[in-house]
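Following: one structure in structure tokens, then a few remarks.
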Amino acid sequence: MQDRPTKLKEYKTYIDGKWCDAASGKKFQTFDPYTGEPWALIPECDKADVDRACEAAWRAFDKGQWPAMTQTARGKVLRRIAALIEQHAEHLAQIEVRDNGKLISEMAAQTKYMPEWFYYYSGLADKIQGAVVPVDRPDHFNYILREPVGVCAFITPWNSPLMLTSWKLAPALAAGCTVVIKPSEFTSASLLEFMELVIDKAGIPPGVVNVVTGYGAVTGEPLVTHPRVAKVAFTGGTATGARVNELAARTFKKVSLELGGKSPNIVFDDCILDDAVSGAVSGIFAATGQTCIAGSRLLLQESIHDRFVEKLVAMAKTARLGDPSKPETQVGPVTTPPQYQKVLSYIDIAKGEGAKCVLGGGPATKDEGGGKYFVKPTIFTGVDNKMRIAQEEVFGPVLSIIKFRDEEHAIEIANDIAYGLAAGVWTQSVKRAHTMAARLRAGTVWVNTYRAVSMTMPFGGYKASGLGRENGAEAIDAYLQSKSVWINNGPGGGNPFIMKTASSS
Ligand code: NDP
């Protein structure tokens, strides 16, 4: 274990380019999920701080240089952000491990990859362009401007705090928006370090990026409803997403939502078995199952079911639980106490529903490598797709295995769910790969791989898994709006009581 100092680190938040406490002076503790001990104090922002941050973001948007800066200059700032992340990637990874309990091996890879989002959108910044559009009116010159939407509110979850912020921040800044970010109350520290080491040093004008740390209802709701906010980008649970969507709708804000999932990982008997076993293990146990894209429903073709389960259990048994800051650890803690209770309660639900627990099935003891909030990698067989363990998101290291007969049956089971975030398919048949990709109702389909993401590929959910897409060239559209400009170069006048439609001219 790394040395963990006993004195609590005190963070300030970042509003209008200045470091400050919450107006109330209140702070709350943040915990190390491995030890369960508090390690830092975070400002507890409320409506007053949200007002301050939103007004600063509005000034920076309305009067400041950011949206008025040339697109090329904005692109250069994004490249500086990317370079600063590269410089501080290791430190940012360590903070996230401390606050979130994610494995250092995973976090090191994640923070190394994060700059690519800023490089990618820096390249798109000067390619935002409107169009000249012909209209069926003489002497008119019409064009479309692409303008930033304004102040954006980001609400982010605890499971990948910096990466999921980057997915929003890079396109929003490239578009010329200003932002106010509310991180999860459980994992605010890495964002505050990111602000200090990256944003504050990148040459971004004050007020362009602001942070309000605090609780969902007290900090999140005033932000989502703030009159200065034009767009809300939310990542989190489906129930919270619905609430955020309702609140934002009252003042007609644009909304994008990245929500939960219960993704099917489908294994056909023509797959390369060992690859599929590894894919199933990493699909559910990587990040301790705390990813929205977890392959938490493993659909196995009947003909390979028993052989596959045997290999899967053998591999999952070898997972080394332990201190997430050690590179050799393979499964870390559950991040938050409520999430820990939720995972354990779903294990009880599955047992009560009659699913057969073939691995794990409860908390991991110290001897098994466990720390404060550890759940053993858990596998249930004999799961029926109608059971709650098959239909509801656990967000932990718990896998449900469901048998299927053939392609049609696999599609029926896979799509019979409220969610539609992702799906995996393991097969060597090209025809089957394309058929499945076309028929699965999910925002991402992986064939012979799982959990891959890239800044170039759109990411988002069908059905209850969300609204809109992050990543890829289209993500920037979520931060832009079109303005139609009509220039009449011909004679004016005419009868004002005859409405001028294109066909009436
Ligand atoms: P929550 O939905 O509980 O919280 C997400 C964020 O919303 C947090 O910052 C939270 O603050 C805030 N929040 C809570 N209530 C409100 C409110 N009434 N108004 C405004 N903001 C509010 O999710 P978790 O943090 O528990 O994250 C896990 C969930 O996120 C999982 O269900 C997972 O599927 C989903 N997720 C989806 C992803 C995707 O891309 N589709 C990616 C990652 C996670 P606070 O922490 O203070 O409660």
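Sub-7 Å Cβ pairs linking a first residue in region 462-488 that is closer than 27 Å to residue 439 by Cβ and among the aromatic types (Phe, Trp, Tyr) to a second residue that is modelled with pLDDT of 95 or more and assigned to a loop (DSSP other than H, G, I, E, B), at least 6 apart or interchain, are 462/441; 462/442; 462/443, ordered by first then second residue. Within region 29-56, restricting attention to residues that are part of a strand (DSSP E or B) and touching a Leu at 6+ places or on another chain (Cβ under 7 Å), the residue that is surrounded by the most Cβ atoms within 10 Å (Cβ to Cβ) is 40. Residue-level check: of (1) in contact (Cβ under 8 Å) with a residue 24 or more places away in the chain; (2) over 12 Å from residue 266 (Cα atoms), residue 431 misses just (1). For residue 340, the test of being surrounded by fewer than 22 Cβ atoms within 10 Å (Cβ to Cβ) and in contact (Cβ under 8 Å) with a residue 24 or more places away in the chain is passed. Residue-level check: of (1) crowded, with 21+ Cβ neighbours inside 10 Å; (2) within 16 Å of the ligand (Cβ to nearest atom), residue 388 misses just (1).
Of the listed requirements (1) within 30 Å of residue 322 (Cα to Cα); (2) of a type in the set (A, V, I, L, M, F, W, C); (3) surrounded by fewer than 21 Cβ atoms within 10 Å (Cβ to Cβ), residue 95 misses just one: (3).
State all residues of region 266-307 that are within 16 Å of residue 390 (Cβ to Cβ), within 16 Å of the ligand (Cβ to nearest atom) and either part of a helix (DSSP H, G or I) or not assigned by TED's automatic domain parsing to the domain that holds residue 325 (or both); if no residue qualifies, say none. Within region 266-307, 283, 284, 289 meet the criteria. The criterion of at least 1 residues that are closer than 28 Å to residue 394 by Cα and within 14 Å of the ligand (Cβ to nearest atom) is met by the following strands (runs of 3 or more DSSP E) wholly inside region 407-500: 422-426, 444-447.
Can you find a residue that is in a helix (DSSP H, G or I), of a type in the set (Phe, Trp, Tyr) and surrounded by fewer than 24 Cβ atoms within 10 Å (Cβ to Cβ) anywhere in region 213-229? For region 213-229, residues in a helix (DSSP H, G or I), of a type in the set (Phe, Trp, Tyr) and surrounded by fewer than 24 Cβ atoms within 10 Å (Cβ to Cβ): absent.
Filtering 351, 372, 403 for residues that are outside any helix (DSSP H, G or I) and over 17 Å from residue 288 (Cβ atoms) leaves a single hit, 403.
The values are calculated or read from the model by the stated rules, or taken from the named source; none is laboratory data. For clarity, every value in this text was computed on a predicted model and none was experimentally measured. Ideal geometry is used to build each Cβ from the backbone, glycine not excepted, and the neighbour counts take in all protein chains shown.
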